[in-house]
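Structure, as structure tokens:
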């Protein structure tokens, strides 16, 4: 595989600077091996690399909320997705990249990319857990390039769940949705329809997520938690 060039490093720094005012970060890079399945660039060629773009803690909340409040329609039916595209697509175009979003088909394997690029593993909730940020992070897009790129993120060296013996996320769930081998979405949604669920998780955020000790200082602000929970169809 060809090594990243000086121009590639300059492109990455330009993107990093353009994302910063929006509370977004370059989260990690994945260079595809020859012949490996890769997303297609805008011109139909397979991408050589992708760099993940996302938030750390509540970093995007204030820029996003200011944008949403400035619009008569509050950003439409999917405001966070619409904001992400409004911010990231021009940056991608300016640097000759192709932007991919989790909400758009063909559905790209964002979690697989993140696990390879940042060395992350899933938590019992299904959310990828980061050694430093815990469960308080997310991916808003990926940028595809026709050149290899150097590392852009903070690669995990361990899995916080492996060194957590008490597993408070499991016992904190009022719906017992984490009692089995996989997170039970149906149990979670059923609980959120109850008075206790509406007064608890639906208002202040998932109690299991909040119970996780990893990255607790990156916890989303209350208004961001309410926004994300309100997006659930319960």
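The values are calculated or read from the model by the stated rules, or taken from the named source; none is laboratory data. All values reported here derive from a predicted model rather than from experimental measurement. Here the Cβ is made from the backbone with ideal geometry for all residues, glycine too, and neighbour counts use every protein chain on show.
Take the stretch 143-156 and flag every residue that is surrounded by 18 or more Cβ atoms within 10 Å (Cβ to Cβ) and either part of a loop (DSSP other than H, G, I, E, B) or not assigned by TED's automatic domain parsing to the domain that holds residue 47 (or both). If you could, list the steps in order and put the result at the bottom.
Within the stretch 143-156, the first condition is being surrounded by 18 or more Cβ atoms within 10 Å (Cβ to Cβ), and the residues that meet it are 143-145, 149, 152-153, 156.
Selection gives 149, 152, 153, 156.
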| Being surrounded by fewer than 20 Cβ atoms within 10 Å (Cβ to Cβ), touching a helix residue (DSSP H, G or I) at 6+ places or on another chain (Cβ under 8 Å), modelled with pLDDT of 95 or more and over 28 Å from residue 170 (Cα atoms), is that true of even one residue in the stretch 82-89? | yes
| message | So for the stretch 44-62 (the condition being over 23 Å from residue 154 (Cα atoms) and either touching a strand residue (DSSP E or B) at 6+ places or on another chain (Cβ under 8 Å) or surrounded by 15 or more Cβ atoms within 10 Å (Cβ to Cβ) (or both)), does at least one residue qualify? | response | yes
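I'd like the full set of residues that are more than 19 Å from the chain's Cα centre (by Cα), surrounded by 10 or more Cβ atoms within 10 Å (Cβ to Cβ) and not in a strand (DSSP E or B), limited to the stretch 33-43. Spell out how you get there, then give the answer.
Going through the stretch 33-43, the residues more than 19 Å from the chain's Cα centre (by Cα) turn out to be 33-38, 40-43.
Next, only the ones that are surrounded by 10 or more Cβ atoms within 10 Å (Cβ to Cβ) stay: 38, 40-42.
Residues satisfying the conditions are 38, 41, 42.
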| message | Which pairs turn up if I take residues in the stretch 55-75 that are touching a residue at least 40 places away in the same chain (Cβ under 8 Å) and in the same structural domain as residue 22 (by TED's automatic domain parsing) and look for partners that are surrounded by fewer than 16 Cβ atoms within 10 Å (Cβ to Cβ) and outside any loop (DSSP other than H, G, I, E, B) with beta carbon separation below 8 Å, at least 6 apart in sequence or on another chain? | response | 57/217; 61/223; 63/21; 65/223
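With respect to residue 30, determine if the residue is more than 23 Å from the chain's Cα centre (by Cα) and not in a helix (DSSP H, G or I). First the steps, then the outcome.
On the way: more than 23 Å from the chain's Cα centre (by Cα): no; not in a helix (DSSP H, G or I): yes.
For residue 30, the condition - more than 23 Å from the chain's Cα centre (by Cα) and not in a helix (DSSP H, G or I) - is not met.
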| said: Going through 93, 99 one at a time, which residue ends up being free of Cβ contacts under 8 Å to residues at least 60 places away in the same chain and either out of contact with any helix residue (DSSP H, G or I) (no Cβ under 9 Å at 6 or more places or on another chain) or part of a helix (DSSP H, G or I) (or both)? | reply: 93
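Only one residue in 200, 205 is crowded, with 16+ Cβ neighbours inside 10 Å, within 17 Å of residue 135 (Cβ to Cβ) and free of Cβ contacts under 8 Å to residues at least 40 places away in the same chain. Which one?
Values: 200 fails: within 17 Å of residue 135 (Cβ to Cβ).
205 is the lone residue from the list that is crowded, with 16+ Cβ neighbours inside 10 Å, within 17 Å of residue 135 (Cβ to Cβ) and free of Cβ contacts under 8 Å to residues at least 40 places away in the same chain.
Listed here are the residues, each with its yes/no results for (1) modelled with pLDDT under 95; (2) in a helix (DSSP H, G or I).
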{"site": "139", "(1), (2)": "no, no"}
{"site": "158", "(1), (2)": "yes, no"}
{"site": "162", "(1), (2)": "yes, yes"}
{"site": "165", "(1), (2)": "yes, no"}
{"site": "179", "(1), (2)": "yes, no"}
{"site": "182", "(1), (2)": "yes, no"}
{"site": "209", "(1), (2)": "no, yes"}
{"site": "217", "(1), (2)": "no, yes"}
{"site": "227", "(1), (2)": "yes, yes"}
| note | Inside the stretch 11-27, the number of residues satisfying the requirement of being in a helix (DSSP H, G or I) and either touching a residue at least 40 places away in the same chain (Cβ under 8 Å) or under 30 Å from residue 223 (Cβ atoms) (or both) is 11
